[in-house]
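J.: One structure coming up, written as structure tokens, with questions to follow.
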Amino acid sequence: MKPSVWVRMDTWVRHLIPATATIFLLLLTVVPTRLTVFADIAPMLPLMGVYYWAIYRPDLLPAWLAFAIGLLGDIVGGTPLGANALVLLLVQGTAAAQRRFFLGKSFAVTWWAFGLLAAGAIALDWLLVTLIVGRVVDPAPVLFEYLMTLCCFPLLTWVLARTQMAFLLDV
């Protein structure tokens, strides 16, 4: 028996949740604040979203979508076009390739691996921006951006896990 239109639409909308959540995180990072230096050290929330969904639901956030979210991040964030796109694509590919290793492991292992992957991703982002701009960008804010990203990871993972349990458990 073929499911009704409403059931199919519900399933389709639920499949959009990882992409929508990651785009929301992206837009959250570019919201203007009264803190002038916060934009330089703001955590890379989309990086966390791509990492989480690449491990737990890679079928709903494929590589092409991670690349598109990265391009959108470059456009709305004012960074050189392609820098964040390449970084998110590499993070998605790396995390999805190691998915079997992460499933069933403790949160500490996942957080530790995210710390390593985030360090490489943020360093690569800094290097790409430096090469594209043609001058050395100050690396000091990059360290604080990494630390902010690493510290925000547990809270954001908890929120994404609750989102997954609420909307994607039976899909």
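J.: Somewhere in the range 86-100, is a residue surrounded by fewer than 18 Cβ atoms within 10 Å (Cβ to Cβ), closer than 23 Å to Arg14 by Cβ and touching a residue at least 40 places away in the same chain (Cβ under 8 Å)?
T.: Among the residues of the range 86-100, at least one is surrounded by fewer than 18 Cβ atoms within 10 Å (Cβ to Cβ), closer than 23 Å to Arg14 by Cβ and touching a residue at least 40 places away in the same chain (Cβ under 8 Å), which makes the answer yes.
J.: Of all helices (runs of 4 or more DSSP H) completely enclosed by the range 1-86, which ones contain at least 1 residues that are within 24 Å of Phe101 (Cβ to Cβ) and touching a helix residue (DSSP H, G or I) at 6+ places or on another chain (Cβ under 9 Å)?
T.: Because the criterion is at least 1 residues that are within 24 Å of Phe101 (Cβ to Cβ) and touching a helix residue (DSSP H, G or I) at 6+ places or on another chain (Cβ under 9 Å), the helices (runs of 4 or more DSSP H) in the range 1-86 that meet it are 17-29, 45-56, 63-77.
J.: Here's another thing I want to ask about it. Quick check on the range 116-140: of everything there that is assigned to a helix (DSSP H, G or I), out of contact with any Phe, Trp or Tyr (no Cβ under 7 Å at 6 or more places or on another chain) and small (Gly, Ala, Ser), which residue is surrounded by the most Cβ atoms within 10 Å (Cβ to Cβ)?
T.: Ala121
J.: Considering only the range 111-134, I want to know if a residue exists there that is over 17 Å from the mean Cα position of the chain (by Cα), among the hydrophobic types (A, V, I, L, M, F, W, C), at pLDDT 95 or above and farther than 19 Å from Asp74 by Cα.
T.: No, every residue in the range 111-134 fails to be over 17 Å from the mean Cα position of the chain (by Cα), among the hydrophobic types (A, V, I, L, M, F, W, C), at pLDDT 95 or above and farther than 19 Å from Asp74 by Cα.
J.: What residue, among those in the range 141-171 that are of a type in the set (D, E, K, R) and in a helix (DSSP H, G or I), is surrounded by the most Cβ atoms within 10 Å (Cβ to Cβ)?
T.: Filtering first and then ranking leaves Glu145.
J.: Test of understanding: among Ile41, Ile17, which residue is surrounded by fewer than 22 Cβ atoms within 10 Å (Cβ to Cβ) and touching a Ser or Thr at 6+ places or on another chain (Cβ under 7 Å)?
T.: Testing whether each residue is surrounded by fewer than 22 Cβ atoms within 10 Å (Cβ to Cβ) and touching a Ser or Thr at 6+ places or on another chain (Cβ under 7 Å) leaves just Ile17.
The values are calculated or read from the model by the stated rules, or taken from the named source; none is laboratory data. It should be emphasised that the depicted structure is a prediction, and the values quoted were computed from it without experimental measurement. Cβ coordinates were reconstructed from backbone atoms using ideal geometry, including for glycine residues, and neighbour counts include every protein chain displayed.
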